[in-house]
Amino acid sequence: MNRKDNKSNHNDDLKGIHDVSINLMDTPFIVPESYFDTLPARIQRRINIIEDTASSFALPEGYFDSLSERIQTRVTESELENAEEQNEDLAVNDYSFIKEISFINELKDKVPTTGFETPSNYFENLTEKIEESVKEQRNDNESAVSINLHKERKLKKLTWMGYAAAACIAISIGAYAFFQLNSVNSFQKKLHNISENEIVSYLEYYTEPGDATTILETEFEGAVQTNKANFSEEDIEAYLDYSI
Amino acid sequence: MEDSIIIEKFSNEKTRNEAFNLLLKKYQQRIYWHVRRLVVDHDDADDLIQDIFVKVWKNLSNFRADAQLYTWLYRIATNECITFLNKKKQYQNISLNDDSSSYLAETLTTSSYFNGNQAQLKLQQALLTLPEKQRLVFNMKYFDDLKYEEISDILGTSVGALKASYHLAVKKIEQFFNEHD
């Protein structure tokens, strides 16, 4: 093998290494078909799930403010239930309850009432005052009921008046239209009933000199218009070529 | 006069006013004091007691005889008071989550219709530090001598929970008294 061949082989080797290195730069991993097409939708779905889960665990406002109090109540309740289940006489056996009862008894001796007062003769007049309030309320209700009834009647009356007015307007418009149509019809009917001979004889008898001019003018205009419509532009041009 | 007789008379149009008068005479003071202990101020209690009995008048014909009349009255009164106190809290810009009744403390000291001694004042002050429910339960047990079962009917809370509330209320009041001796 000569030197030239060696160089050529070396170049081939290098090319092979280059191809391999290019292939190595590509990841050998593959993804399912259309993986990246559906990826955004799947990420969004996951975000929605996380958000929904977070909102489902939302707490009422001020939940933790009263939590310790509620737990304390529940614990005490549970202790009381357990003690009752064991048939213990709470007042006798449990030291804390004995203490509690003795404190309450002492307190009741010291503070049997609240210390609140009322104005003098307050309770003597209270019955009357409450009955007066009830009476006022009843009157308000009754007047509200009577106002409602009055309003209802007024509304019914107004409704009927509205219907009547609408009916009047409809009848007026109908009558007007009927007479208008009838009068046009009657004119056309009368015209239709006159025979052509009668019209001709009428015109012959009553025609004035001015009428002839008017008729001729109208006829001539009509004739020109009719002719215009019948000739094509080519005919007119041919006629003009011929005649000029 | 038996409650059943009052209810029966009330159901008759002719004897309705008489029945209501009997009901007022029998229960107005008891309900007034229940309301007064909750709202503290006499004028507020006076307004509320009238509203409560107007409601009673409107709804007594629907009252079911399987319940006790006075527990029904207490329930109406309690609900009216809680609604009133919540409105008052809102008016004074106090969060509804603030469970204590300390905003009523000023009413207590400035009220012209409070003439309690030191111990009475201290008990009321201690009560105003309690959460509303504990204050309610304590008042009904301590001042009205109601049984837990009766309070349960009024508040719609289990007897166990009421016992716990009362127990905690007593502990806190005792602590308050010890701290303010």
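What FRET efficiency comes out for the pair B:SER112/A:ALA164, r = Cβ-Cβ distance, R0 = 60 Å, nearest 0.05? Result of the calculation: an efficiency of 0.35. With a simple spin-label model that places each label point 7 Å from the Cα along the Cα-to-Cβ direction, the separation between B:ASP181 and A:GLU61 comes to 4.2 nm.
Put the Cα centre of the range B:101-131 next to the Cα centre of the range B:132-146 and the gap is 15 Å. This ranking places B:ASP41, A:ASP65, B:ASP98 by how few other beta-carbon atoms lie within 10 Å of each, fewest first, which gives A:ASP65, B:ASP98, B:ASP41. A Förster distance of 51 Å, applied to the separation of the beta-carbon atoms of A:GLU79 and A:SER34, puts the FRET efficiency at 0.25. Helix B:16-39 and the longest principal axis of the Cα set of chain B meet at an angle near 10°. Each principal axis of the Cα cloud of the range B:99-181 was evaluated for its coordinate range; sorted largest first, these ranges are 36, 27, 23 Å.
The label-point distance for A:LEU203 and B:ASN62, in a model that sets each label 7 Å from Cα toward Cβ, rounds to 9.1 nm. When +1 charges are put on Lys and Arg Cβ atoms and -1 charges on Asp and Glu Cβ atoms, the dipole computed for chain B relative to its Cα centre reaches about 200 debye.
When the helices of chain B are scored as -39500 (n - 2.57) per DSSP H run of n ≥ 4 and the total is divided over every residue, the value at 222 nm lands at -23500 deg cm²/dmol.
Exposure proxy shown here: for A:CYS168, B:CYS81, the number of other Cβ atoms within 10 Å sets the order, fewest to most, as A:CYS168, B:CYS81. Take each peptide in A:189-201, B:121-133, count the other Cβ atoms within 10 Å of every residue, and average; sorted highest first, the result is B:121-133, A:189-201. Spin-label model, B:ASN12/A:ALA41: points 7 Å from Cα along the beta carbon direction are separated by 7.8 nm. Shape class for the range B:23-93, computed from the alpha carbon gyration tensor (a ≥ b ≥ c): prolate, with a/c not under 1.5 and a/b above b/c. Per-residue mean of foreign Cβ neighbours for B:47-55 is 4 (Cβ atoms of other chains, 10 Å radius).
On the beta carbon distance between A:GLU117 and A:GLN72, with R0 = 41 Å, the FRET formula returns roughly 0.70. Give me the angle, in degrees from 0 to 90, between the Cα long axis of helix B:69-91 and the longest principal axis of the Cα atoms of chain B, rounded to the nearest 10. In chain B, helix B:69-91 runs at an angle near 50 degrees to the longest axis.
Of the listed pairs B:LYS89/B:LYS172; B:LYS147/B:LYS172; B:LYS14/B:LYS55; A:LYS135/B:LYS133; A:LYS108/A:LYS129, which have alpha-carbon separations greater than 29 Å here? In this structure, A:LYS135/B:LYS133; A:LYS108/A:LYS129 exceed 29 Å between Cα atoms.
Coordinate-derived values only; no laboratory data. As the structure is a prediction and not an experimental result, all values here were calculated from the model. With ideal geometry, Cβ positions are generated from the backbone for all residues, glycine too; neighbour counts draw on all protein chains shown.
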